[in-house]
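Below: one structure, written as structure tokens.
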Amino acid sequence: MTGTTPDDEARASARLAETGSAIVAGVEAQTPKWAHDQVERLLDAWGRAPADARARAEAESATAGEAAAGRIVAELRALFALDPEKQGATPLEIVRTAYREPTVVLEAAGVPPVLRDEFDERAWPDDVYGLVPRTLGDLGDPDLGPLHLAWGMAKAAVIRARRARTEQ
């Protein structure tokens with residue numbers, strides 16, 4: 001990469017910050033509803049929860065969703081505060097932990113684990129209900145998936161610009 005300037009890194013860094021902020025906002029907005037919807041979906045599929053257990057689980061899913069959002073947003077902010085070359089995870093890796101809080105609610109309601117394929121069992125052994133989001137868009141906002149891609153491209157551009165300058 002020849003002809004790289006400090007402005008190239010600055011522009012890429014600005015895109016990285018912008019996409020990171022948009023991811024945080026989207027995850028914060030979508031995770032509570034996503035958690036509630038997952039609990040409700042599995043309660044419906046199981047169909048055996050007594051009315052009182054179901055009502056309690058639905059109420060607890062709101063709290064669980066808020067807790068998941070708070071935890072994940074804090075982890076995303078910590079990730080985005082790091083220098084791009086020191087970021088040891090991606091936003092999706094962090095968001096994929098959103099299954100934890102709704103899992104606790106479903107377990108307390110007595111919902112049995114679901115049948116999962118071998119890959120999912122190996123990749124996410126604690127996700128006994130198959131809740132792990134495959135993409136950021138799975139949280140309910142289709143714009144989050146492309147934001148994740150834009151974030152990755154901006155991060156790569158920052159790193160490429162730095163390396164190109166040091167090679168000059």
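The values are calculated or read from the model by the stated rules, or taken from the named source; none is laboratory data. A quick note: this is a predicted structure, and the numbers were derived from the prediction, not measured. Every residue, glycine as well, gets a Cβ built from its backbone with ideal geometry; the counts of neighbours run over all protein chains shown. Note: accessible area is taken over every heavy atom of the protein model, side chains too, but ligands, DNA and RNA are not part of it. Shrake-Rupley method; radii C 1.70, N 1.55, O 1.52, S 1.80 Å.
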Rounded tilt (10° steps) of 144-167 against the dominant C-alpha axis of the chain
30
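Where nothing but the Cβ of Lys and Arg (+1) and of Asp and Glu (-1) is charged, how large is the charge dipole of the range 74-151 around its Cα centre, in debye to the nearest 20?
Working: 7 positive and 15 negative charges, 22 e Å.
In debye, rounded to 20, the range 74-151 gives about 100.
Let me know the Kirkwood hydrodynamic radius for the chain, please, with Cα pairs as the basis and the value in Å to one decimal.
Numbers: mean 1/r = 0.0574 Å⁻¹.
By the Kirkwood definition, the hydrodynamic radius is 17.4 Å.
Would you please give the FRET efficiency between ASP83 and VAL104, computed as 1/(1 + (r/R0)^6) with r the Cβ-Cβ distance and R0 = 45 Å, to the nearest 0.05? Present the calculation step by step, with values, prior to reporting the outcome.
Numbers: r = 34 Å, r/R0 = 0.76.
After rounding, the FRET efficiency stands at 0.85.
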Ratio of Rg to Rh for the range 95-161, alpha carbon only, Kirkwood?
1.13
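Roughly how many Å² is the accessible area per residue of the range 34-80, as a whole number, for a 1.4 Å probe?
Values: 2350 Å² over 47 residues.
For the range 34-80, the per-residue accessible area is 50 Å².
When the accessible area of the range 20-159 is split by element with a 1.4 Å probe, what percent falls to carbon and sulfur? Write out the running numbers ahead of the final one.
Details: 3900 of 6870 Å².
Carbon with sulfur: 57 percent of the solvent-accessible area.
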Accessible surface, 1.4 Å probe, highest first, among residues GLU28, GLU9:
GLU28, GLU9
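Taking 0.36 nm per residue of separation and subtracting the Cα-Cα distance, what length does fully extending ARG122 through ALA74 add? Before the final figure, lay out each step's value.
Numbers: separation 48, 0.36 × 48 = 17.28 nm, distance 2.67 nm.
The ARG122-ALA74 span can extend by a further 14.6 nm.
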